[in-house]
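Below is one structure, written out as structure tokens; comments come after it.
The values are calculated or read from the model by the stated rules, or taken from the named source; none is laboratory data. Since the model is a prediction, treat every value here as computed from it, not as a measurement. Neighbour counts run over all protein chains shown; Cβ positions are idealised from the backbone, glycine included. Note: accessible area is taken over every heavy atom of the protein model, side chains too, but ligands, DNA and RNA are not part of it. Shrake-Rupley method; radii C 1.70, N 1.55, O 1.52, S 1.80 Å.
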Amino acid sequence: MSLSVASVTVAYNGAKFLQQHIEALLRQGRPLQEVIVVDNGSSDGTCALITSRYPNVTLVQLPENLGVGGGLAAGLAYAALEKRHDWVLTLDQDSVPNDDGLEILLKGIESLKDVKGEVGIAAALPVHTETGVCYPPLIWRDGFVKPSAELLQQPIWFADLVITSGCMVRRDVVEKVGLPRTDFFIDFVDFEYCLRIRSRGYKIVVITRAQLAHEIGNAREVRLPGYTQLWPNHAPWREYYVSRNMTYAAWWLYPSSRTKRFVVRHLARHAGGVLLFGSDKLACLRKMAQGFWDGRRATLGVRFGPS
């Protein structure tokens, strides 16, 4: 019996992105059994666009913006637990998969033979559209470890952390591990979910031929001597969640002295990046400090959001 695969896209004021995004999903050489869009309380006509142009797309409307965490949880609850699709492909609204992306992911899983039953997530490789720079999956060693250039060139390899967009989740993972955290709102939602899945013994496989165009927010390439990186230029409210959720994970979910030191160093480096490359430096640094304090105190939930 063929596998049933659905896609779940979390959308917020995404009308300008969704036509290209949905058309790419509908063009998949290996068709999706259901295309699902979770609308996070948009005010830009997102819902009207979907209902008028794409009546075959399932629209899940949330009453307000519940962030990536709330949107993913609602989408996976519907696709995996209610509709019982075997795999769920999770996506951001500004990502565009290649026409053969789903087929390559499924063939990659099948090629693993004896260990394919241990795979909980199969991930594509997101590539920034303008620069061609990939957003690499990461290894977790009490902190982030970037894969080597040689590993990135391998057709299939195993990671610990992947971003939401372009990642396929098995139904039994959702049944056994649960849903993404809604109290994280945005940022580190996907990484926390990956760590939880890995802790239950599942593998996360990266299939590098399955690439998708991904904007990675408002990222731009920044250069210093011997250093080139995509800088996301987050708004101050977003920097709050980056800092808070990472700090909470280090102090409450995976507490160790090494993890805590890593998070402090990581946030300090990021603060340096804000000073060098950020557009709203003081406000971002204040929100980072508030996020660190709230993470230490385990103060979660939705505190701020886009205006």
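Of note:
- For the chain, the number of Lys pairs separated by eight or more positions or lying on different chains, with C-alpha atoms closer than 21 Å, is 10.
- The residues neighbouring Thr164, those whose beta-carbon lies less than 11 Å from its own, together hold a net charge of -3 under the Lys/Arg +1, Asp/Glu -1 convention.
- Gain in span if fully extended, Val145 to Ser111, counting 0.36 nm per residue against the direct Cα distance: 9.6 nm
- Extension gain for Ala77 to Ala48 (0.36 nm times residue separation, less C-alpha to C-alpha distance): 8.1 nm.
- Residues with amide H under 5 Å from that of Leu125, placed H, sequence gap 5 or more: Ala210, Gln211, Leu212
- Remark on region 158-216: ratio of C-alpha radius of gyration to 2.2 N^0.38 Å is 1.14.
- Choice from Ala268, Ala74, Ala124 with maximal GNM fluctuation in the chain (Cα, 10 Å cutoff): Ala268
- Rounded FRET efficiency, nearest 0.05, which uses the C-beta distance separating Val133 from Lys176 and R0 of 41 Å: 0.75
- Extension reserve of the Ile156-Ser256 stretch, reckoned as 0.36 nm per residue once the Cα distance is removed: 32.9 nm
- Phi angles across region 203-212 convert, under the Karplus curve 6.51 cos²θ - 1.76 cosθ + 1.60 with θ = phi - 60°, into 3J(HN,Hα) values of 9, 10, 9, 10, 10, 5, 6, 8, 9, 9 Hz, Gly and Pro given as x.
- A simple spin-label model places pseudo-atoms 7 Å from Cα toward Cβ; at Arg303 and Gln20 they are separated by 3.4 nm.
- Accessible surface of the chain [probe 1.4 Å, protein heavy atoms]: carbon and sulfur percent: 52 percent
- Whole-number D in µm²/s for the chain (Stokes-Einstein; Kirkwood sum over Cα pairs; 4 °C, 1.567 mPa s): 66 µm²/s
- One way to sum up the overall shape of region 63-127 is the equivalent ellipsoid from its Cα gyration tensor, whose semi-axes run 24, 17, 10 Å, largest first.
- Short-range pairs are left out: with C-alpha atoms under 8 Å and at least six residues apart, the relative contact order of the chain is 18 percent.
- Distant-in-sequence amide contacts of Asn13, defined by a placed amide H-H separation under 5 Å and a gap of 5 or more residues or a different chain, comprise Asn40, Ser42, Ser43, Asp44.
- Gyration tensor verdict on region 9-141 (Cα atoms; rounded if a/c is under 1.5, prolate if a/b is larger than b/c, oblate otherwise): prolate
- Sequence-ordered 3J(HN,Hα) estimates for region 280-287 from the Karplus curve with 6.51, -1.76 and 1.60 and θ = phi - 60° stand at 9, 4, 5, 4, 5, 5, 5, 5 Hz, glycine and proline given as x.
- Rg [Å, one decimal], Dmax [Å, integer] - region 16-88, C-alpha atoms: 12.3, 34
- Cα point-scatterer Debye curve for region 251-307, base-10 log of I(q)/I(0) at q = 0.16, 0.26, 0.31 Å⁻¹: -0.59, -1.13, -1.22
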